[in-house]
């Protein structure tokens, strides 16, 4: 049995995602696609447009065989942290033959070479000095990184910095680092599939759309426009649940952010990891004021802080102090993989991992380690999301600990 791993958010699932799963299986000869997917909060620093179980069901009906949840400490992290967590978790199974990802390049050799060069260089004193100098000139970290790398390696083709290429490079760097540790007896190979259709930020719907364009259509309540951009099963699920439990956007959390800002001390906010101190101070200065997250994010964006970095900071604040404890206690514990859903005929993969010494498999939320702060954060984050969804659509609250995986017969 050959198995591919796919790192995804499916926010929401569309034709491009279905194409990638099918193409990855075709190219590798794999019969099982194992997806590790962000839960209810995604890497750009926002709530998912619909909950993780609905997105899991879309993925399973669209070609995936098993969907695991990427823990929040990674899904709300930087691109490097996101990739590091996902690659490590998939690798910990010792049962993944390939990790597949989409890219604008479509050339794994080019991306992997760039990844190795930048990974090795990023640990040098020269790199740190040059990055610091660029940031002092008012550049954001991504802009400073691009400038420093271009000068060091004489990069002529700026297309390497396209969004999916950059994330793919982080997957390559994560696997390169993992190979050097030697902690796993088997590691997957990487393959990339050239992205088809619309570009990452394209707002125009197409047969292979960007997730941005799909979310825009949902936000404008134009569900009918998505019929040709989504697999039939995904369109049906979104259409049936529109106005009942979706869509969810960042501004649905305005009241919760106001509460968190005004019930947290300066010390509490300043102790939150992975947020720049200047950004923490700007958030503290919002205390006592009306808070609209989309406007706050736009207002704080400048040369030093990207939109995503600000958004992630806001949702880390929303999830504190649970988030803070999870990051502070994150260690070399045996990784856990929580199954959000699977096809019944793929349950053999889960059984092979039941007695694994390299990862813990969780099929029921209540069976997770409640002494693990990272796992507690996952439960807390989902309950927070469920509360907002319940308030917005006047539905009953669903306790995450009582929610089982999606099973497709």
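Structure above, values below:
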item	result
Fraction of antiparallel bridges per DSSP, the chain only, in percent to nearest 5	20
In nm, spacing of pseudo-spin labels at residue 369 and residue 290 (7 Å Cα→C-beta vector)	4.7
Angstrom value of the Kirkwood radius, inverse mean 1/r, which spans all Cα pairs in the stretch 295-358	15.6
Rel. contact order, % - alpha carbon contacts under 8 angstrom, at least six apart, the chain	22
Compactness index (Cα Rg / 2.2 N^0.38 Å), the stretch 206-268	1.56
Difference of contour (0.36 nm per residue) and Cα-Cα distance, residue 402 to residue 268	45.2 nm
Potential lengthening between residue 110 and residue 201 on full extension [0.36 nm per residue; Cα-Cα distance subtracted]	30.5 nm
Top of 267, 80, 250 by mean-square fluctuation, Gaussian network on the chain, Cα under 10 Å	267
Globularity index of the stretch 115-161, i.e. its alpha-carbon radius of gyration over 2.2 N^0.38 Å	1.08
Cβ-based exposure ranking for 334, 322, in which fewest neighbours within 10 Å come first	334, 322
Helical mean residue ellipticity (222 nm; -39500 (n - 2.57) per DSSP H run of 4+; nearest 500) of the chain	-14500 deg cm²/dmol
Label-to-label distance, nm, for residues given as residue 356 and residue 128 (7 Å Cα→Cβ offset)	3.5
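Coordinate-derived values only; no laboratory data. Only a predicted model underlies this, so the values are computations on that prediction, with no experimental measurement involved. As a convention, Cβ positions derive from the backbone with ideal geometry for all residues, glycine included, and neighbour counts pool all protein chains shown.
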